[in-house]
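Just below is one structure, and these are the notes that go with it.
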Amino acid sequence: MLGYIVKRLLQLIPTLIGVTLFAFLLVAAVPGDPAQIIAGDSASPEEVEIIRSQLGIDKPLYEQYMSYVVNILHGDLGTSLRSSQPVLDEILSRFPTSFILTVMSLIIMIIVGLIAGIASATKPNSLRDNVSMMFSLFGISMPVFWMGIMFILLFSYYLPWFPSGGSTEFKHFVLPSIVLGLSASGVLARLTRSSILEIVNQDFIRTARAKGLKEKYVIYKHTLKNALIPIITIVGMEFGILLGGAVITETVFSMNGIGRYVVESIQFRDFPAIQGSILFISTLFVFIILLVDLSYSVVDPRVRYEN
Amino acid sequence: MEISEKVISQNQNVTTTYEPRSPWQMMIKRFKKNKRAMIGLYITVLFIIVAILAPWISPYDPYAYNMKALLQPPSLSHPFGTDQFGRDVLSRIIHGSRISLMIGMVGVGISILVGVSLGTIAGYFGGIIDSIIMRIMDILLAFPGFLLALAIISILGPNMLNVMIAIGIFSIPVFARIMRSSVISVKYKEFIEATKSLGGSHFFIIMKHVIPNCIAPIIVLSTMRIATAILTAAGLSFLGLGAQPPSPEWGAMLNEGREYIRSATHLSTVPGLIIMLVVLGFNMLGDGLRDALDPQMKI
């Protein structure tokens, strides 16, 4: 097991290099001279030159990249142009909000998605199946920002049960998590259904039924356990997608999370902040995918040997 | 005697009902039987017709201000009401369908062109080329979809063309992966081996044999990705990072209408409902195509 973990960690290195390279090139590829943008139109050429050397963009590209990576390893993601604060501090102060939102939505997604998926797979082509599959199609097709606005209208304006924005108390998280969780549950429900249906037709399930096991036992103990790998994959992928989806949800519900920080940084053309937050989220995502991969080997030990 | 006559008549029945069908005919038949798929097809076709005929069927100019009819609720003369500048919402929705259709088509077109080419090359040639291409795709996949689109917009600047490019890029790895796995499943088949031994060039084999045999999942994926593209573009415009006002893009309309959510609810509800309907249509069509082409397909 330990060997497998080490191997997977080593495989991560090229991906992480790629991610840093992408984040680096993102800013290097910005059309125009960043120093000029920062200095403004009225700045003298000398002033622009000073800013250029401050940013280190007067050096060749590979040197810039090397110093960028060294800085990242020292926990330095640059300084925000907007607030003059270290980008990492700004991200970390917003991270708990995004994290709580993502985890709460993930829980809602898993509960709703699994129930809907199991409900339809256990009675394929029934009314129950059709209703839950239509529900998941709606979940996939509904714009999350629109659902957010409708929820604010319903549960904050017409029925004043929850606040329409903010991120300081638990009640602020209820509506956004439901919106985000429901919108993501559609994908999980569809996948759960198809994975269960695939397993249900296999010989060992027929054997389980033939030896007289209760249907409940067949579904939960035999089928679901074997359908778990694709379900875990999608839950892991959804974690990243939710972090991305949180960009919109945080904006709709005026929450002070990383997603909203990215949007504001793009609007202000605050490049170090954009670069830093994209690097942060994608690195997090890479590690989540690693956890997903490792969990395969727990759920299905064959994975370890195949690798 | 009686029995043998019965058998003959049964056999005759069988021969009269049996018609040889091509795989395509069988697929169309399966598709037509699927109610949800047909509804999806109707919605999609309606959306495309509206987009094409927009200038002729919209009752008002989508950009024309009318200070005498500000924020009016839905009525006979304005079925979807008017916005804060007195513009007719129905006309704006109709014109907005052109933008969404274009984003869907161009965005997904870019991903098909690049993604399918890369996936084919990786799958067909294998080895080091495959490793390099797929590692790059893995890196692109390391960015959660919407975030990748945001990152690209942040470099290129917020406007419609850049939204299409961003959406095009973020679907490339998805197409490349699907295409690669289909190509790998096809490339060792006997008919490919036969063409090779007859001296067919790689280009000929890919164009004539590999791509046509891998096209089914690409058709399904394209339909579904158009839905994602429309949704993503609307999301970007909603954040103010896509189409800019006064463009009648649906996401942008929703963003503008949000300010009037209490006084004019229709400005937020209508564009959202329309986006959902169109996206739903493409998703149902995609599902139907998958079930008709190959229900075992992993998309």
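Taking every alpha-carbon pair in segment B:95-208 and binning the separations at 5 Å intervals from zero gives 2, 12, 17, 19, 16, 12, 9, 6, 4, 2, 0 percent.
A crude spin-label estimate for the pair A:SER67 and A:ILE37, with each label 7 Å from Cα along the Cβ direction, gives 1.9 nm.
The string of couplings for segment A:107-122 from the Karplus curve (6.51, -1.76, 1.60, θ = phi - 60°) is 4, 4, 4, 5, 4, 5, x, 5, 4, 5, x, 5, 4, 7, 6, 6 Hz, one whole number per residue in order, with x for Gly and Pro. The angle separating the long axis of helix A:228-252 from the principal Cα axis of greatest extent in chain A is about 50 degrees. For A:LEU2 and A:SER84, a Förster radius of 56 Å and the Cβ-Cβ distance give a FRET efficiency of 0.80, rounded to the nearest 0.05. Return the subset of A:LYS123/B:LYS33; A:LYS211/B:LYS29; A:LYS123/A:LYS221; B:LYS29/B:LYS208 for which the Cα-Cα distance in this structure is over 29 Å, preserving the input order. With Cα atoms farther than 29 Å apart: A:LYS211/B:LYS29.
Classify segment B:10-120 as rounded, prolate or oblate, taking a ≥ b ≥ c as the square roots of the eigenvalues of its Cα gyration tensor: rounded when a/c is under 1.5, otherwise prolate if a/b is larger than b/c and oblate if not. In terms of gyration-tensor shape, oblate. Per the accessible-area calculation with a 1.4 Å probe, the total area buried between chain B and chain A rounds to 3900 Å². These residues, B:TYR60, A:TYR261, A:TYR68, go from largest to smallest accessible area, 1.4 Å probe, as B:TYR60, A:TYR68, A:TYR261.
The distance between label points at A:LYS211 and A:ILE50 comes to 8.1 nm (points 7 Å beyond Cα on the Cα→Cβ vector). Evaluating kT/(6 pi eta Rh) at 10 °C and 1.306 mPa s, with the Kirkwood radius of the protein assembly as shown over Cα pairs in the Stokes-Einstein relation, gives 60 µm² s⁻¹.
If only the Cβ of Lys and Arg carry +1 and only the Cβ of Asp and Glu carry -1, the dipole of the protein assembly as shown around its Cα centre is close to 2400 debye. Peptide A:260-269 shows a mean partner chain C-beta count of 3 within 10 Å per residue C-beta.
Convex hull volume of the C-alpha atoms in segment A:153-307, normalised per residue: 156 Å³. Ranked by the mean number of other Cβ atoms within 10 Å per residue, highest first, peptides A:276-286, A:220-230, B:48-58 order as A:276-286, A:220-230, B:48-58.
Ordering A:GLU49, B:GLU249, A:GLU264 by accessible surface, largest first, gives A:GLU49, A:GLU264, B:GLU249; the 1.4 Å probe counts only protein heavy atoms, with every chain in place. For segment B:101-299, the convex hull drawn through the C-alpha positions has a volume of 120 cubic angstrom per residue.
Using only Cα atoms and rounding to the nearest 10 degrees, what angle (0 to 90) does helix A:45-55 make with the longest principal axis of chain A? It is inclined by approximately 40 degrees. Relative protection proxy for B:208-217, A:96-105, from highest mean packing down: A:96-105, B:208-217 (other beta-carbon atoms within 10 angstrom). Close amide H pairs (under 5 Å, H built 1.01 Å from N) link A:THR79 with A:VAL87, residues at least 5 positions away or on another chain. On the principal axes of its alpha carbon atoms, segment A:1-93 extends 61, 32, 20 Å, with the longest extent given first. Rolling a 1.4 Å probe over the protein heavy atoms gives the protein assembly as shown an accessible area of 48 Å² per residue.
Mean partner shielding of peptide A:144-152, defined as the number of other chain Cβ atoms within 10 Å of each residue Cβ, is 6. Computed from point charges on the beta carbon alone (+1 for Lys and Arg, -1 for Asp and Glu), the dipole magnitude for segment A:212-307 about its Cα centre is near 420 Debye. A crude spin-label estimate for the pair B:LEU46 and B:ILE132, with each label 7 Å from Cα along the Cβ direction, gives 5.0 nm. Shape call for segment B:255-299 from the C-alpha gyration tensor, a ≥ b ≥ c root eigenvalues: rounded (a/c under 1.5), prolate (a/b greater than b/c) or oblate? Verdict is prolate for segment B:255-299. Stretched out straight at 0.36 nm per residue, the stretch from A:ILE17 to A:ALA29 would grow longer than its current Cα-Cα span by 2.6 nm. Helix A:271-299 and the long axis of chain A differ in direction by around 30°, with both axes built from C-alpha atoms. Legend: calculated FRET efficiency, B:ASN159 to B:TYR63, from the Cβ-Cβ distance at R0 = 22 Å, rounded to 0.05, equals 0.80. In segment B:137-171, what residues drop by 30 Å² or more in accessible surface going from the chain by itself to the full protein assembly, probe 1.4 Å? Buried by the other chains: B:ILE139, B:ALA142, B:PHE143, B:PRO144, B:PHE146, B:LEU147, B:LEU150, B:ALA151, B:SER154, B:ILE155. The residues of segment A:1-38 occluded by other protein chains by 40 Å² or more of accessible area, set against the chain on its own, are A:PHE22, A:LEU26; surface from heavy atoms, 1.4 Å probe. For the pair segment B:103-143 and segment A:229-291, the centres of their Cα atoms are 23 angstrom apart. Just to be sure I understand the interface: list residues from segment B:229-278 that lose 50 Å² or more of accessible area between the chain on its own and the complete protein assembly, 1.4 Å probe. When all protein chains are present, B:LEU231, B:PHE238, B:LEU239, B:LEU241, B:ARG258, B:ILE261, B:ARG262, B:MET276 each give up 50 Å² or more of accessible surface. Over chain A, the reciprocal of the mean inverse Cα-Cα separation, the Kirkwood hydrodynamic radius, stands at 22.2 Å.
For chain B, the mean residue ellipticity at 222 nm estimated from helices alone is -23500 deg cm²/dmol, where every DSSP H run of n ≥ 4 contributes -39500 (n - 2.57) and the total is divided by all residues, rounded to the nearest 500. Surface composition of the protein assembly as shown: carbon plus sulfur atoms contribute 66% of the solvent-accessible area (1.4 Å probe, protein chains only, all chains present).
The values are calculated or read from the model by the stated rules, or taken from the named source; none is laboratory data. Because the structure is predicted, anything quoted here is derived from the model rather than measured. Note that each Cβ is placed from the backbone with ideal geometry, even for glycine, and that neighbours are counted across all protein chains shown. Accessible surface areas use protein heavy atoms only, side chains included; no ligands, DNA or RNA. Shrake-Rupley method; radii C 1.70, N 1.55, O 1.52, S 1.80 Å.
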